[in-house]
Amino acid sequence: MRQLLLMRHAKSSWDDPKLSDHTRPLNARGRAAAVAMRQVMADLGLAPDLILVSSARRTLQTLAALEPWDETPLVEPMDSLYLADVPALFAALNGVAETARSVMVIGHNPGMHELALALAGPLDEANGHMRHLAEGYPTGALAEFSVPGPWGTLAAGGARLVRFVAPRDLTEKA
């Protein structure tokens with residue numbers, strides 16, 4: 001069984017209108033949320049072997065806030081993940097080596113939300129994580145999936161949603 005972790009970048013700053021979308025950094029709230037999600041991942045024992053990350057500044061800064069890892073994963077910044085749609089995200093995942101046990105993708109909406117919904121398949125109202133995912137994919141949110149088959153054949157409906165956690169869930173529980 002393989003594990004797939006999908007994370008939307010943390011909250012970014014719009015303070016400098018001269019910056020291109022690709023170069024926008026995280027804001028203070030985003031940095032704090034990413035650090036909080038690092039703790040969630042550590043508490044759950046989520047540690048990817050491979051991280052595919054958009055080349056945008058905010059996704060790379062989200063990744064940096066998740067470090068350090070107990071065991072350093074292979075990190076692949078990918079221009080093709082910048083604002084990627086579902087077919088581009090599936091293409092990236094289908095190209096993952098079969099030796100990777102756990103893969104994390106750090107990217108953008110709407111692609112991350114659409115990919116998560118596609119992977120999970122039909123909405124199961126009895127599953128609280130699926131209901132939560134169906135409501136939206138806020139910045140800094142993380143979806144964990146179990147993937148029974150090879151990466152090369154991963155397609156819609158081909159994974160099981162294990163959990164969905166957003167930074168705001170952490171403050172609501174506190």
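Pairs please, first residue from the stretch 140-165 and assigned to a loop (DSSP other than H, G, I, E, B), second anywhere and crowded, with 20+ Cβ neighbours inside 10 Å and basic (K, R), Cβ atoms under 9 Å, 6+ apart in sequence or on different chains.
Between residues of the stretch 140-165 that are assigned to a loop (DSSP other than H, G, I, E, B) and residues that are crowded, with 20+ Cβ neighbours inside 10 Å and basic (K, R), the close pairs are G140/R8; G140/K11; A141/R8.
Go through the stretch 25-53 residue by residue and tally those that are in contact with a Lys or Arg (Cβ under 8 Å, 6 or more places away or on another chain) and surrounded by 20 or more Cβ atoms within 10 Å (Cβ to Cβ).
The total comes to 3.
Can A56 be described as touching a helix residue (DSSP H, G or I) at 6+ places or on another chain (Cβ under 8 Å), over 25 Å from T153 (Cβ atoms) and buried (at least 17 other Cβ atoms within 10 Å of the Cβ)?
yes
If you scan the stretch 115-138, which residues turn out to be surrounded by fewer than 16 Cβ atoms within 10 Å (Cβ to Cβ) and touching a helix residue (DSSP H, G or I) at 6+ places or on another chain (Cβ under 8 Å)?
The answer is L123, D124, E125, G136.
List, please: which pairs have Cβ atoms under 6 Å, are six or more places apart or on different chains, and start with a residue in the stretch 92-106 that is polar (S, T, N, Q) and end with one that is part of a strand (DSSP E or B) and surrounded by 17 or more Cβ atoms within 10 Å (Cβ to Cβ)?
Final answer for the pair search is S102/Q3.
Starting from residues that are at pLDDT 95 or above and among the aliphatic types (A, V, I, L, M), keep the ones in the stretch 47-58 and report whichever is farthest from D70 (Cα to Cα).
Selected residue: A56.
Within the stretch 59-70, is even one residue more than 18 Å from A155 (Cβ to Cβ), crowded, with 20+ Cβ neighbours inside 10 Å and charged (D, E, K, R)?
Checked against the condition, which is being more than 18 Å from A155 (Cβ to Cβ), crowded, with 20+ Cβ neighbours inside 10 Å and charged (D, E, K, R), the stretch 59-70 yields no hits at all.
Going by what's in this entry, would A118 be described as over 25 Å from V35 (Cβ atoms), in a helix (DSSP H, G or I), without any contact (Cβ under 8 Å) to a residue 60 or more places away in the chain and in contact with a Gly (Cβ under 9 Å, 6 or more places away or on another chain)?
yes
Would you pick out the residues in the stretch 1-15 that are hydrophobic (A, V, I, L, M, F, W, C) and either touching a strand residue (DSSP E or B) at 6+ places or on another chain (Cβ under 8 Å) or crowded, with 24+ Cβ neighbours inside 10 Å (or both)?
Residues satisfying the conditions are M1, L4, L5, L6, M7, A10.
The values are calculated or read from the model by the stated rules, or taken from the named source; none is laboratory data. As the structure is a computational prediction, the values presented were derived from the model and not from experiment. Using ideal geometry, Cβ is built from the backbone for each residue, glycine included, and neighbour counts are taken over all protein chains shown.
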